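Asker: Would you mind keeping the following structure in view while I ask a few things?
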Amino acid sequence: MTKKPQTSKEAAEKVVKNIRRKTRQTYSAEEKIRIVLAGLRGEDSISVLCRREGIAESLYYSWSKEFLEAGKRRLSGDTARQATSPEVKDLRSESLALKECVADLTLENRLLKKSMTGAGEFEE
C-alpha cells in the first residue's frame with residue numbers, strides 16, 4: 001500500500017490535534033472531586049458546570065461513576081488500595097532485610113546445634 005500525500009488541510013488538522021493533546025489540562029483528584037460534588041449538589045445543570053469547568057459532559061459522568069463506585073467499595077468494607085511506587089520499594093527493601101536476618105539466624109542456629117552435639121556429628 002502506498003500512502004497518499006497529505007493535503008495542507010489534513011496536515012494543519014494534525015498539527016492542531018497534536019497541540020491540543022500536548023496542552024490538554026490534567027485534573028488532580030481534588031479537582032475531580034470538587035467538580036463531581038458540585039454536580040451532585042445540583043445548583044447548576046451538568047451542562048453549565050461542564051462549560052464553566054471546560055470539560056466534556058462524558059468526562060464528568062465518567063468521573064462521577066468512578067467517584068460513586070469508589071465510595072460504594074469503601075462503604076462495603078473494601079479498604080484495599082493500590083500501593084504507590086515508593087511504598088513498594090520500601091516494602092521490598094524491608095522484605096530483603098528480614099530475609100537476610102532470618103538467614104543469619106538460621107545459620108547461627110545450625111552452628112550452635114553442631115557445637116552442642118560435637119564436631120557436627122549427630123547423636124543416635
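Since every read-out is calculated from the coordinates, none of them should be taken as a lab result. Since the model is a prediction, treat every value here as computed from it, not as a measurement. As a convention, Cβ positions derive from the backbone with ideal geometry for all residues, glycine included, and neighbour counts pool all protein chains shown.
Asker: For the range 33-81, which positions are among the β-branched types (V, I, T) and either under 24 Å from R20 (Cβ atoms) or surrounded by 12 or more Cβ atoms within 10 Å (Cβ to Cβ) (or both)?
Answerer: Those that are among the β-branched types (V, I, T) and either under 24 Å from R20 (Cβ atoms) or surrounded by 12 or more Cβ atoms within 10 Å (Cβ to Cβ) (or both): I33, I35, V36, I46, V48, I55.
Asker: Counting just the residues of the range 19-32 that are exposed (fewer than 10 other Cβ atoms within 10 Å of the Cβ) and under 18 Å from A70 (Cα atoms), which one comes out farthest from the chain's Cα centre (by Cα)?
Answerer: By that ranking, first place goes to E30.
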